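The structure appears below as structure tokens.
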Amino acid sequence: MIIDQVPQRIVPAPCNDEAPLLDMRGLRIEARSGEAWHVIVHGLDLTLRRGEVLGLIGESGAGKSTIGLAAMGHARPGCRFAGGSILFSGRDLLREPAAGRRALRGTRIAYVAQSAAAAFNPAHRLIDQVVETAVERGGRSRVDAMADAKDLFRRLSLPEPETIGLRYPHEVSGGQLQRVMTAMAMVCRPDLIIFDEPTTALDVTTQVEVLAAIRSVVEDFHTAALYITHDLAVVAQLAHRIMVLRHGRLVEEAPTRTMLEAPCEDYTRSLWAVRTLEKPAEPEAPCLLQMEQVGAAYGARRVLDDISIRIERGRTVAVVGESGSGKSTLARVITGLLPPVAGAIVFAGEPLPAQTQKRSKAQLRRIQMIYQSPDAALNPRHTVREVIGRPLEFYGGLKGREREVRTLALLDMIEMSATHLDRLPSELSGGQKQRICIARALAAEPELMICDEVTSALDQIVQAGILKLLRQLQTELSLSYLFITHDIATVKAIADRIVVMHRGKIVEQGDKREILAPPHPAYTELLLSSVPGLDPDWLTRLLAERERDGGTHATSWPDRLPKTGNRHV
Amino acid sequence: MQLWLKLMRAPLSAKLGMAIVAVNVACVVFAPWLAPFGETEIVGQSWVPGFWGADVQGAPATWLGTDHLGRDVLTRLIFGARNSIVIALVTTILSFSLGITTGLLAAAMRGWVDQILSRTVDLMMGFPTLIFALMVLAVIGSSIPAVIGVIALLDATRVFRITRAVATDIAAQDYVEVARLRGEGMGWIMRREILPNAITPLAAEFGLRFCFVFLFVATLSFIGLGVQPPAADWGSMVKENSAAISFGILMPLFPAAAIALLTVAINLIIDWTGATAGGVHDDH
């Protein structure tokens, strides 16, 4: 099947006497903002031996990606090297002429980017892009390189390894594309690969496949790797050693196991803050929203079938499932953007009109929505004052001084202050933008908030902050949440009830504790078991388990492989 | 204050453009005081060359000479700026009001509203503009309001197309959906959510369209359907004096140069505003 060999995890503690492959000493990188240059990497030391995997973790803005690119002797436009040295197998990349650095890239140092979809040229077939470097720069014959690429496709557990290369980038799924990019990086057998968040944009179930594939090839070819991510659990599966970075400085460095069992710094511990949150059980409450056998369709294509959900006052229902399972469609049906073709929705005892336009202002006010990407959900030309003030004026008729006072009170509620009032969204951080979206929803004084993947675009630390805020608001204002997510840690942190969805149908629903405790239906099991544990042996054990009772999962795996031209990113 | 700072930091090309536009605006506003003679005053013989024209007996000194009827060319140019620029400006503002309103409406409402508006525009764009204008003006007769109306309508179709294209993308954004879910009316969504985000490309388009209208009025005047004599207008000045070219007289080149100069100046300014607006978009 997909996983044809259980990787025997021999941690090959790389020998210390050998000269390091990559050796950064006192690396300083500066970035330009306006006229001035400020330091973003403050004298970092980093060593990497042959065959070693080093994990770089930290929140966004920690300088991880900048360091990753520096390992190739490259600085982004607007950045420059201000000091230190980068020795790659004895050559200083910072003193090497541009041509020398270029000769190393692709052949001896390879790079795997976060968004595979953006990194491939959509106009060329995959195989041509995969072998290009090997043929043009590695001096290999095309036939030889193609055979090698196909071998790599097989090792990376890609379906139809002989012919998948003939497809175009849009004809394979996001997870497959990420593995093809890994094959592209491996085809020259580089000494060092830099993985920059290769699984961040993927579903948990797909992430497992990509992680397993990356780990097996890296071990097979004894390639050194820098693995950049903000998810400690992911890096724990691959890395021998982990460096925690913050604001361009090293916080802590230790072998993986030591780091997980006994982190020295509080900051390191806060990186898995979300995982430690857990919402306590609460008694039953009166029903606020009830959906009865609701079905929905885009044209002739049925996307939701027989959905019956009950949301109680002051409680949270989490809807989980991978992308394409109909979670977001469910939100569109409740808000009336996609009127259902079957069934009924009852809100606070009254039937809810199917279309947004048919609902009264009061009905609209009571259901508010928060989106996944705060960048897209905030008008770039509206200041914070306008964003929060508008629903106050629209629903509450507040004007002038009253409106100002209420806006400030809301800002205070989301732990922001009057200094943010006149800022535009582009002048706020990702977490602040999401808080503004929450304040905008709160301004309407809703009873139900639909949260569509509200934390998935954010760092772990910011995530924990937002989730705590949402929980606190729930107890203060007795809000109900419909929480759409694919992340089980988030579910634990916020949910009372869980609805598991797959392909537009409900697989299972019930109390959080019931659903999270075994036994599970096959799909729930797959979803739950795919969430990386904070344990370096988690992946090894999971793959061994799936191999052992491969029969039960074999049925659920192939049907997740996308049909041609139907890719969810 | 900020605007002034921004102007001071503008590149030389934009400053040059602004200077030329400023001279033109001064001509529009102060024409009767700036012009050495009356608009239709005959000051000498026809096609007297400038600068040394005073040597010709019985003629007062003129900077740029006289036209085919012996009127002062500089005076005609200054008064012509009035007609040409004001007509072009009014026409462009009209066409943008019409085009932006309908374009936003089509993008925000979709469905049959969009279909009707878009197909009507397609139909109008099916005719070559000049022929369409000639036809309409031949039917309703040529007058300044008619010229303005016809050109505004024709130009509005182009503005509609670009507004609709830009606004359709914006209308699909989550923040517009948020406004719809809040229950906002169509007016708010068009004016407050979509328009502010579409204004940059539309402003650039405004400058370009202004030049096109300017040239179009000149074209119509040139074939005798635009500004009617004896009123001065740069396009008709070229037309009336075109015969002089064959005698080696430079006079028709002056109004032609005025048209070219203003067009270039406006484009210099647009390039600069386009570049600064583009920079704002790039930095995130």
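The values are calculated or read from the model by the stated rules, or taken from the named source; none is laboratory data. This one's a predicted model, so the numbers in the text were calculated from it and none came from an experiment. Note: ideal-geometry Cβ built from the backbone for every residue, glycine included; neighbour counts use all protein chains shown.
Residues checked against (1) part of a loop (DSSP other than H, G, I, E, B); (2) touching a residue at least 60 places away in the same chain (Cβ under 8 Å):
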position	(1), (2)
A:Arg95	yes, no
A:Arg102	no, no
A:Ala118	no, no
A:Thr133	no, no
A:Asp148	no, no
A:Phe153	no, no
A:Glu160	yes, no
A:Thr182	no, yes
A:Ala185	no, yes
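Restricting the range A:190-233 to residues that are more than 20 Å from A:Gly51 (Cβ to Cβ), out of contact with any strand residue (DSSP E or B) (no Cβ under 7 Å at 6 or more places or on another chain) and among the aliphatic types (A, V, I, L, M), which is modelled with the lowest pLDDT?
A:Ala201
Sort through B:Ile170, B:Ile148 and tell me the only one that's surrounded by 13 or more Cβ atoms within 10 Å (Cβ to Cβ) and either of a type in the set (Asp, Glu) or under 30 Å from A:Val384 (Cα atoms) (or both). Outline the logic, then answer.
Details: B:Ile148 fails: either of a type in the set (Asp, Glu) or under 30 Å from A:Val384 (Cα atoms) (or both).
Unique residue meeting the criteria: B:Ile170.
For B:Thr91, are the conditions met, namely being modelled with pLDDT under 75 and buried (at least 16 other Cβ atoms within 10 Å of the Cβ)?
Numbers: modelled with pLDDT under 75: no; buried (at least 16 other Cβ atoms within 10 Å of the Cβ): yes.
Answer is no for this residue.
Take the residues of the range A:445-457 that are hydrophobic (A, V, I, L, M, F, W, C) and within 18 Å of A:Val320 (Cβ to Cβ): which is farthest from the chain's Cα centre (by Cα)?
Narrowing the range A:445-457 to residues hydrophobic (A, V, I, L, M, F, W, C): A:448-451, A:454, A:457.
Add one more test, that the residue is within 18 Å of A:Val320 (Cβ to Cβ), and what stays is A:449-451, A:454, A:457.
Details: A:Met449: 23, A:Ile450: 20, A:Cys451: 16, A:Val454: 12, A:Ala457: 6 Å.
Among those that are hydrophobic (A, V, I, L, M, F, W, C) and within 18 Å of A:Val320 (Cβ to Cβ), it is A:Met449.
With (1) under 14 Å from B:Leu181 (Cα atoms); (2) in a helix (DSSP H, G or I); (3) not basic (Lys, Arg) as the list, and A:Gly389 as the residue in question, which single condition is left unmet?
(1)
Might you check whether a residue that is within 14 Å of chain A (Cβ to nearest Cβ), over 18 Å from B:Ala146 (Cα atoms) and outside any helix (DSSP H, G or I) occurs anywhere in the range B:194-205?
no
Condition check ((1) out of contact with any His (no Cβ under 9 Å at 6 or more places or on another chain); (2) closer than 18 Å to A:Asp452 by Cβ; (3) among the hydrophobic types (A, V, I, L, M, F, W, C)) across all residues:
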| site | (1), (2), (3) |
| --- | --- |
| A:Thr475 | yes, no, no |
| A:Ser478 | yes, no, no |
| A:Ile484 | yes, yes, yes |
| A:Ala489 | yes, yes, yes |
| A:Ile494 | yes, yes, yes |
| A:Val499 | yes, yes, yes |
| A:Asp511 | yes, no, no |
| A:His520 | yes, no, no |
| A:Tyr523 | no, no, no |
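Pick out the one residue from A:Ser426, A:Ser360 that is within 10 Å of chain B (Cβ to nearest Cβ), out of contact with any helix residue (DSSP H, G or I) (no Cβ under 8 Å at 6 or more places or on another chain), surrounded by fewer than 17 Cβ atoms within 10 Å (Cβ to Cβ) and touching a residue at least 12 places away in the same chain (Cβ under 8 Å).
Numbers: A:Ser360 fails: touching a residue at least 12 places away in the same chain (Cβ under 8 Å).
Only one candidate passes the filter, namely A:Ser426.
From the list A:Ala439, A:Ala493, which one is in contact with a helix residue (DSSP H, G or I) (Cβ under 6 Å, 6 or more places away or on another chain), in a helix (DSSP H, G or I) and in contact (Cβ under 8 Å) with a residue 60 or more places away in the chain?
Just a single option satisfies the conditions, and that option is A:Ala493.
Can you report the number of residues in the range A:385-409 which are away from every other protein chain (no Cβ under 14 Å) and within 18 Å of B:Arg192 (Cβ to Cβ)? Talk me through it step by step, then tell me what you get.
Looking only at the range A:385-409, we keep the residues that are away from every other protein chain (no Cβ under 14 Å), and these are A:398-409.
Add one more test, that the residue is within 18 Å of B:Arg192 (Cβ to Cβ), and what stays is A:398-399, A:403, A:407.
The total comes to 4.
List the strands (runs of 3 or more DSSP E) inside the range A:237-325, counting only whole elements, that have at least 2 residues being in contact (Cβ under 8 Å) with a residue 12 or more places away in the chain and surrounded by 21 or more Cβ atoms within 10 Å (Cβ to Cβ). First the steps, then the outcome.
Details: elements: A:241-246, A:249-255, A:287-298, A:301-312, A:316-320.
By residue number, A:241-246, A:287-298, A:301-312, A:316-320.
As an exercise: evaluate A:His502 against (1) under 27 Å from A:Ala296 (Cα atoms); (2) surrounded by fewer than 21 Cβ atoms within 10 Å (Cβ to Cβ) and give the number of the one condition it does not meet.
(2)
Answer yes if at least one residue in the range B:34-44 is assigned to a helix (DSSP H, G or I) and at pLDDT 80 or above, and no otherwise.
Taking the range B:34-44 as the starting set, the residues that turn out to be assigned to a helix (DSSP H, G or I) are B:34.
From the residues that got through so far, the ones that are at pLDDT 80 or above too are B:34.
Yes, because at least one residue in the range B:34-44 is assigned to a helix (DSSP H, G or I) and at pLDDT 80 or above.
Would you mind stating whether A:Glu59 is charged (D, E, K, R) and over 24 Å from the mean Cα position of the chain (by Cα)?
Values: charged (D, E, K, R): yes; over 24 Å from the mean Cα position of the chain (by Cα): no.
In short, no.
Restricting attention to the range A:369-381, and to residues there that are outside any helix (DSSP H, G or I) and more than 8 Å from every other protein chain (Cβ to nearest Cβ), which single residue is modelled with the highest pLDDT?
Only one residue tops the list, namely A:Ile370.
Which numbered condition trips up A:His420, out of (1) more than 9 Å from chain B (Cβ to nearest Cβ); (2) in contact with a Cys (Cβ under 8 Å, 6 or more places away or on another chain)?
Result: A:His420 fails condition (2) only.
Collect the residues in the range A:521-569 that are within 23 Å of A:Leu177 (Cβ to Cβ), at pLDDT below 50 and β-branched (Val, Ile, Thr), keeping them in residue-number order.
A:Thr564, A:Val569
How many residues, within the range A:429-455, are surrounded by 22 or more Cβ atoms within 10 Å (Cβ to Cβ), within 13 Å of chain B (Cβ to nearest Cβ), within 15 Å of A:Met413 (Cβ to Cβ) and not small (Gly, Ala, Ser)?
So the answer is 6.
For the range A:403-415, name all the residues that are at pLDDT 90 or above and surrounded by fewer than 18 Cβ atoms within 10 Å (Cβ to Cβ). Write out each step before concluding.
Residues of the range A:403-415 at pLDDT 90 or above: A:403-411.
Listed by number, the residues that qualify are A:Glu404, A:Val405, A:Arg406, A:Leu408, A:Ala409.
Output the residue which, of all residues in the range A:326-355 that are part of a strand (DSSP E or B) and exposed (fewer than 15 other Cβ atoms within 10 Å of the Cβ), is farthest from the other protein chains (Cβ to nearest Cβ).
From the range A:326-355, those part of a strand (DSSP E or B) are A:342-347, A:350-351; that's our starting set.
Adding the requirement that they be exposed (fewer than 15 other Cβ atoms within 10 Å of the Cβ) leaves A:344, A:350-351.
Numbers: A:Ala344: 20, A:Glu350: 17, A:Pro351: 18 Å.
Ranking the qualifying residues of the range A:326-355, first place goes to A:Ala344.
Looking for whichever is without any contact (Cβ under 8 Å) to a residue 60 or more places away in the chain, of a type in the set (Val, Ile, Thr), assigned to a helix (DSSP H, G or I) and within 14 Å of another protein chain (Cβ to nearest Cβ) here; the options are B:Val139, B:Val178. Which one fits? Working first, answer last.
Numbers: B:Val139 fails: within 14 Å of another protein chain (Cβ to nearest Cβ).
Selected residue: B:Val178, the only one of B:Val139, B:Val178 that is without any contact (Cβ under 8 Å) to a residue 60 or more places away in the chain, of a type in the set (Val, Ile, Thr), assigned to a helix (DSSP H, G or I) and within 14 Å of another protein chain (Cβ to nearest Cβ).
Does A:Ser270 meet the test of being among the small types (Gly, Ala, Ser), within 13 Å of A:Ile484 (Cβ to Cβ) and modelled with pLDDT under 90?
Details: among the small types (Gly, Ala, Ser): yes; within 13 Å of A:Ile484 (Cβ to Cβ): no; modelled with pLDDT under 90: yes.
No, not satisfied.
Which pairs do you get when a residue that is surrounded by fewer than 24 Cβ atoms within 10 Å (Cβ to Cβ), found in the range A:54-68, comes within reach of a residue that is in a helix (DSSP H, G or I), reach meaning Cβ atoms under 6 angstrom, with the pair 6+ apart or on two chains?
Once the first residue is surrounded by fewer than 24 Cβ atoms within 10 Å (Cβ to Cβ) and sits in the range A:54-68, its partners that are in a helix (DSSP H, G or I) give A:Glu59/A:Ile461.
Residue by residue through the range A:196-236, note down the ones that are assigned to a strand (DSSP E or B), small (Gly, Ala, Ser) and touching a helix residue (DSSP H, G or I) at 6+ places or on another chain (Cβ under 7 Å). Full working, then the answer.
The first filter runs over the range A:196-236 and keeps only residues assigned to a strand (DSSP E or B), leaving A:196, A:224-229.
Checking the rest, the ones that are also small (Gly, Ala, Ser) come to A:224-225.
Scanning the range A:196-236 gives a single hit, A:Ala225.
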